[in-house]
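Worksheet for the structure shown next.
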Amino acid sequence: VVRLGSALTLIAFAGVFLSELCDPQSNFQNDRFIEIYNSGPDPVDLTGWSVVAVANNADVTTWSLSGTLPAGQARVCGTDVPITAFTVDFQNHLWFTTGYFNWNGRAGDGAKLIDNNSAVVDIVVATGILFENADLVRIATVSVPNPVYTPSEWTSTPVALATSASPGTHNGSAPPPDGPRLSNIVTDPA
């Protein structure tokens, strides 16, 4: 909140953050992806922003972002030739030659989101095997970026194909997973 004279003005916080990193078991050469999401409340102009893939603790591929990311929407960074059909909003064919071989969800692999002031606003870098043959997703309760990797903000689920993950649809807008099921209930006394 900023006070200008006697008026209070609310400054919208850019809730753009890394929301999903996927290294699927099948077709991984072409179908690895990194997703960003805007939790709102306002659209964000991505001009000057970038997503950087990190492999073995080194920056290996950069996607220069552009356009507006509306609140509640996600965008995907990946190659320009995915094998399984899903939309890649920010394409980089160099992902093959510079990053794809080493970016496999093991120690030192992850991504950074850099804003238009060249500041790292969000980061995730594996300290062990984190998302190899898996989909790493930001939990639904996270709504702001975090410049320090916090493992409790993420879940990892094995996936065979990128489309078994959710490229382009952050989990906050997807239906929640099925909960536990009760069966063969026996009461004592009957």
Give the ranking of Ser64, Ser166 by solvent-accessible surface, highest area first, calculated with a 1.4 Å probe. Ser64, Ser166
Excluding ligands and nucleic acids, what accessible area in Å² is computed for His93 using a 1.4 Å probe, to the nearest 10? 110
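Working with all protein chains in place, sort Ile139, Ile185 by solvent-accessible area computed with a 1.4 Å probe, largest first. Don't skip to the end; give the middle numbers.
On the way: Ile139 50, Ile185 130 Å².
Ranking Ile139, Ile185 by accessible area, largest first, yields Ile185, Ile139.
With r as the distance between the Cβ atoms of Val125 and Thr155 and R0 = 25 Å, compute the FRET efficiency 1/(1 + (r/R0)^6) and round to 0.05.
Numbers: r = 17 Å, r/R0 = 0.66.
Calculated value: 0.90.
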Inter-probe distance in nm under a simple model that places probes 7 Å from Cα toward Cβ, at Asn146 and Gln29: 3.6
The Cα extents of the range 20-63 along the principal axes, largest first and rounded to whole Å, are 36, 22, 15
Compute the FRET efficiency between Asp45 and Asp188 as 1/(1 + (r/R0)^6), taking r as their Cβ-Cβ distance and R0 = 45 Å, and round to the nearest 0.05. 0.10
Among 144-157, 110-123, the order from most to least packed when residues are scored by Cβ within 10 Å on average: 110-123, 144-157
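The values are calculated or read from the model by the stated rules, or taken from the named source; none is laboratory data. Note that the structure is predicted; figures quoted are calculated from it, not measured. Cβ sites come from the backbone with ideal geometry, for glycine too, and all protein chains shown count toward neighbours. These area figures cover heavy atoms from the full protein model, side chains too; ligands, DNA and RNA do not enter into them. Shrake-Rupley method; radii C 1.70, N 1.55, O 1.52, S 1.80 Å.
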